[in-house]
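Down below is the structure, laid out as structure tokens.
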Amino acid sequence: MSSSNEGLYLGLDLSTQQLKCTLINEVHSIVLDEAVHFDHDLPEFGTSNGAIHYGDRATSPTLMWVKALDILLGRLKKSGHVHRIRGISGAGQQHGSVYWSKQGIDQLTHLDSTRTLEEQLKDGFSLHQSPIWQDASTMSECRALEEFVGGPAALAKRTGSKAYERFTGNQIAKIYREERKTYDATEHISLVSSFLTSLLVGQLAPVDAAEGSGTNIMDIQTCAWDPALLHQCGGQDLLKKLSLAPVHGGTVVGSIDSYYQERYGFSKECKVMPFTGDNSATLVSMNLRQGDCVVSLGTSDTVLVSIAKDKAEPTTESHLMAHPVEKNGFMGMLCYKNGSLTRQHIRDVYANSDWDTFNASLGAVRERDTFGFYYWMQEIVPFAKGIYRFENGEPVEEFSHPQDNVRAILESQFLSMRLRLGRMVTSPMVRVLATGGAAANRALLQVLSNVLGLPVYKQKGMNSASLGGALLAKYAVGSHSSFEEMMKNYVEEPELICEPKASETVYYGTRLEDYVRLESLVLSTLSHVSH
């Protein structure tokens, strides 16, 4: 129980489907969790799972995010905790971008506390639909950027990743080339994370360096915008439209704007820190030690590891990003677009839309040689789309026993993690820390443990990104020598969920070669079709 005058720290997470918040006290206990679900709470914006899809394009209404903040802070005010909040940080879905008009920026700096943010910013954006991470429509821009620097490997060495359709620089390039009038009317471009920061401080805020790593236009070594890449993606005006240099986590952007003091009761002493990406915030919340591997099972599936700068080498399959709290470290990441939504699709088709039925299929004795590759949405690694099945090594339209799809989708997703994690990290992993919505499913985690050959642990609380934001806020406000030093007295050992079954891990080890061969066959088939 926290005392009535104890300081509190607020973490926000603007993810694909919700705006969540987590409030913690000085000893890192969670005081409050709250969320605004976009589809349910804001149906007027017409989203499905928080997004609007048309072909390979994927966006979210910018004003929906603004209204969600109005609603969330209104609920927070009723809790009676607001006046005790000393710091705010958080996360935004990575890669998404917001396009401010001059009118919007002028309004941002003159907010009227008697009116909602939605009312005041309804005409504040030159582009009303923000491109998000699910967008896969920028292939030509990606190829042009890679060609400009000498290929995918050269771009990865320069920015930490090869060109990806969802990365912000390529999204900007598409708007620059196809919607020049909109681009010219854009005064400033924020990432989703720095957009939230900007709303809270009442002025444009810089991008966090970890977030800048997901743009393909920031130098991964210096954490500064790369002028040549900026010019390639957005011409001579892009540097001006980004304007502010990326900053490292643990710094203070400014005090919360008077609008929030007057409307919601925040203290004028409340500080706002740069918001980071959802994956970076997850890494922070897990407080990793050497040998830890975070597997986040959400709308997208993500594998995160902390790597020393001198031990890291960029590849064209993984991402190297600035570490959210360690200036001498990188965050290594694998990201898969086909996560929980694809698993739910297979559950709906093959398990009567019921997780108990799905889990029962996982417990059945393995009787057939089946492999499946489930790229229901355009996948990132590997770059592929479609569903492909193999039985006894031969391609089939459907398995002879269709319920085999349940086991096959998990095996396929987790074998890909095992394969690519081995290529990215030379030192052995010790344990998995599972997070995200699907981490509530123990049967699923047992398959993950068996495939990776590692014990799987889970920390308390499921809002990892918002918790990470709250911890970042406390870190920046306090006088700690390091993030590790701040955390050392409050680390609660995670709960062991399951350990690998040795025979299963050995079995999956024998299947890796077949997995690589069949995945290559799928990719070569797709390449042949595209040509």
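Which one is farthest from the chain's Cα centre (by Cα), of the residues in the stretch 174-195 that are open to solvent by less than 20 Å² (accessible area, probe 1.4 Å) and hydrophobic (A, V, I, L, M, F, W, C)? Across the stretch 174-195, the extreme among qualifying residues is Ile175. How about the stretch 177-232: which of its residues are over 22 Å from Ser126 (Cβ atoms), charged (D, E, K, R) and in contact with a Pro (Cβ under 8 Å, 6 or more places away or on another chain)? The one that is over 22 Å from Ser126 (Cβ atoms), charged (D, E, K, R) and in contact with a Pro (Cβ under 8 Å, 6 or more places away or on another chain): Asp208.
Of the numbered conditions (1) within 24 Å of the chain's Cα centre (by Cα); (2) open to solvent by 30 Å² or more (accessible area, probe 1.4 Å); (3) closer than 23 Å to Lys157 by Cα; (4) not small (Gly, Ala, Ser), Asn279 fails exactly one; give the number of that condition. Status for Asn279: all satisfied but (2). When residues in the stretch 367-377 are screened for being touching a helix residue (DSSP H, G or I) at 6+ places or on another chain (Cβ under 7 Å) and either open to solvent by 40 Å² or more (accessible area, probe 1.4 Å) or β-branched (Val, Ile, Thr) (or both), 3 of them pass.
Of all residues in the stretch 383-403, those satisfying the criterion of being open to solvent by 70 Å² or more (accessible area, probe 1.4 Å) and under 13 Å from Phe371 (Cβ atoms) are Asn392, Glu394, Pro395.
Here is a check on your reading of the model: is Glu187 more than 26 Å from Ser300 (Cβ to Cβ) and in contact (Cβ under 8 Å) with a residue 12 or more places away in the chain? Outline the logic, then answer.
Numbers: more than 26 Å from Ser300 (Cβ to Cβ): yes; in contact (Cβ under 8 Å) with a residue 12 or more places away in the chain: yes.
So Glu187 passes the test.
I'm checking my understanding of the structure. Among residues of the stretch 414-427 that are open to solvent by 10 Å² or more (accessible area, probe 1.4 Å) and of a type in the set (A, V, I, L, M), which one is nearest to Ala308 (Cα to Cα)? Selected residue: Val425. Return yes when Tyr490 is at pLDDT 90 or above, open to solvent by 40 Å² or more (accessible area, probe 1.4 Å) and not β-branched (Val, Ile, Thr) and no when it is not. It is false that Tyr490 is at pLDDT 90 or above, open to solvent by 40 Å² or more (accessible area, probe 1.4 Å) and not β-branched (Val, Ile, Thr). The set of residues from the stretch 333-354 being in contact (Cβ under 8 Å) with a residue 24 or more places away in the chain, among the polar types (S, T, N, Q) and open to solvent by 60 Å² or more (accessible area, probe 1.4 Å) is empty.
Applying the condition of being open to solvent by less than 30 Å² (accessible area, probe 1.4 Å) and assigned to a helix (DSSP H, G or I) to the stretch 231-263 and asking which residue is nearest to Pro274 (Cα to Cα) yields Leu242.
Condition first: in contact with a Leu (Cβ under 6 Å, 6 or more places away or on another chain), modelled with pLDDT of 90 or more and open to solvent by 10 Å² or more (accessible area, probe 1.4 Å). Can you find one or more residues in the stretch 355-362 that meet it?
Filtering the stretch 355-362 down to residues in contact with a Leu (Cβ under 6 Å, 6 or more places away or on another chain) leaves none.
So far as the stretch 355-362 goes, no, none of its residues is in contact with a Leu (Cβ under 6 Å, 6 or more places away or on another chain), modelled with pLDDT of 90 or more and open to solvent by 10 Å² or more (accessible area, probe 1.4 Å).
Within the stretch 419-438, residues that are under 17 Å from Val456 (Cβ atoms) reach partners that are of a type in the set (Val, Ile, Thr) and open to solvent by 20 Å² or more (accessible area, probe 1.4 Å) with beta carbons closer than 8 Å, at six or more positions or on different chains, in the pairs Ala434/Ile497. Figure legend. Inter-residue proximity from the stretch 391-412: first residues under 14 Å from His345 (Cα atoms) and aliphatic (A, V, I, L, M), second residues open to solvent by less than 70 Å² (accessible area, probe 1.4 Å) and part of a loop (DSSP other than H, G, I, E, B), beta-carbon distance below 7 Å, spacing 6+ or different chains. Indicated pairs: Val406/Ala351. Restricting attention to the stretch 428-441 and to residues that are open to solvent by less than 50 Å² (accessible area, probe 1.4 Å), of a type outside the set (A, V, I, L, M) and touching a helix residue (DSSP H, G or I) at 6+ places or on another chain (Cβ under 9 Å), the residue that is nearest to Arg289 (Cα to Cα) turns out to be Thr435. Selection of the stretch 156-172 for residues being in a helix (DSSP H, G or I) and under 18 Å from Lys309 (Cα atoms) yields Ala156, Lys157, Arg158, Thr159.
Considering the stretch 305-329, the residues that are farther than 18 Å from Phe483 by Cα and without any contact (Cβ under 8 Å) to a residue 40 or more places away in the chain include one that is least open to solvent (accessible area, probe 1.4 Å), namely Ala312. Is there a residue being open to solvent by 30 Å² or more (accessible area, probe 1.4 Å) and aliphatic (A, V, I, L, M) anywhere in the stretch 152-165? The answer is yes; a qualifying residue exists.
The values are calculated or read from the model by the stated rules, or taken from the named source; none is laboratory data. Keep in mind that what you see is a predicted model, and the values were worked out from it rather than measured. No Cβ is skipped: glycine too gets one built from the backbone with ideal geometry, and neighbour counts run over all protein chains shown. Note: accessible area is taken over every heavy atom of the protein model, side chains too, but ligands, DNA and RNA are not part of it. Shrake-Rupley method; radii C 1.70, N 1.55, O 1.52, S 1.80 Å.
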